[in-house]
Amino acid sequence: MRIEEKDGKLVIVDFNELEAYKVASKIEKDGIRFYGSLIRKITDESVKESLAFLLEEENKHLALFQKHLSRIGQTIEDGFEEDDLLNYMEYGIFQPYQSMSAMTEIIDDVTKAIDLGIIVEDRTVSFYQACKAHVLSKTAKEELQYIIDEENRHKKLLEGILKS
């Protein structure tokens, strides 16, 4: 599976459902780490509550993707471990910072961190929309649409935090 950016949109070439769920799981794990790190540095209680909500949502998404990975992994031979797959792919196309250490460097500036969260949520939506166009299962399409809608709400929540 290759992910390319064309005219501001993500395009998936040679779609592979197993690989897509691995990438989605990685995105959600990174979100969990990012929001967890940010919560520890924020002093405003209402912002902390919003970020805790986002953290909980990312955990739900991860659980869903891992459920699909488990199901698909029983029927498809997997040639890549998660880290190998992500090194093989150009992961940075839809995630501005591949490593958590690079992300945590900007977390000291809350505004930049929230801006980063908005970018990541937006790119995540683009990736999930591209995946939705390829999956065959009606249930998987519905689940992806549900998560896309949630990720869009996450972006709006972060934008609201910036405005306040």
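Among the residues here, LYS6 qualifies as more than 19 Å from GLU142 (Cα to Cα), without any contact (Cβ under 8 Å) to a residue 12 or more places away in the chain and open to solvent by 70 Å² or more (accessible area, probe 1.4 Å).
Which one is farthest from GLU151 (Cα to Cα) among residues in the stretch 36-54 that are open to solvent by 40 Å² or more (accessible area, probe 1.4 Å) and not basic (Lys, Arg)?
From the stretch 36-54, those open to solvent by 40 Å² or more (accessible area, probe 1.4 Å) are 40-41, 43-46, 48-49, 52-53; that's our starting set.
Applying the additional criterion that residues be not basic (Lys, Arg) yields 43-46, 49, 52-53.
On the way: THR43: 24, ASP44: 23, GLU45: 22, SER46: 20, GLU49: 17, ALA52: 15, PHE53: 12 Å.
Result: THR43.
Contact map, the stretch 36-53: residues that are under 12 Å from VAL110 (Cα atoms) paired with residues that are open to solvent by 50 Å² or more (accessible area, probe 1.4 Å) and basic (Lys, Arg), Cβ distance under 7 Å, separation 6+ or inter-chain. Pairs shown: ILE39/LYS48; ILE42/LYS48. Among the residues of the stretch 17-27, is there at least one that is open to solvent by 20 Å² or more (accessible area, probe 1.4 Å) and within 15 Å of ARG123 (Cβ to Cβ)? Looking through the stretch 17-27, at least one residue is open to solvent by 20 Å² or more (accessible area, probe 1.4 Å) and within 15 Å of ARG123 (Cβ to Cβ). Only one entry of GLU105, GLU77, GLU142, GLU159 meets the criterion of being open to solvent by 40 Å² or more (accessible area, probe 1.4 Å), modelled with pLDDT under 85, acidic (Asp, Glu) and farther than 20 Å from GLY36 by Cβ, and that entry is GLU77. Test VAL120 against the stated conditions and say whether it is crowded, with 20+ Cβ neighbours inside 10 Å and among the β-branched types (Val, Ile, Thr). Against the criterion (crowded, with 20+ Cβ neighbours inside 10 Å and among the β-branched types (Val, Ile, Thr)), VAL120 qualifies.
The values are calculated or read from the model by the stated rules, or taken from the named source; none is laboratory data. None of the values given here were measured: they were computed from a predicted structure. Note that we place each Cβ from the backbone using ideal geometry, even for glycine, and neighbour counts take in every protein chain shown. Calculation scope for accessible area: heavy atoms of the full protein, side chains included, ligands and nucleic acids excluded. Shrake-Rupley method; radii C 1.70, N 1.55, O 1.52, S 1.80 Å.
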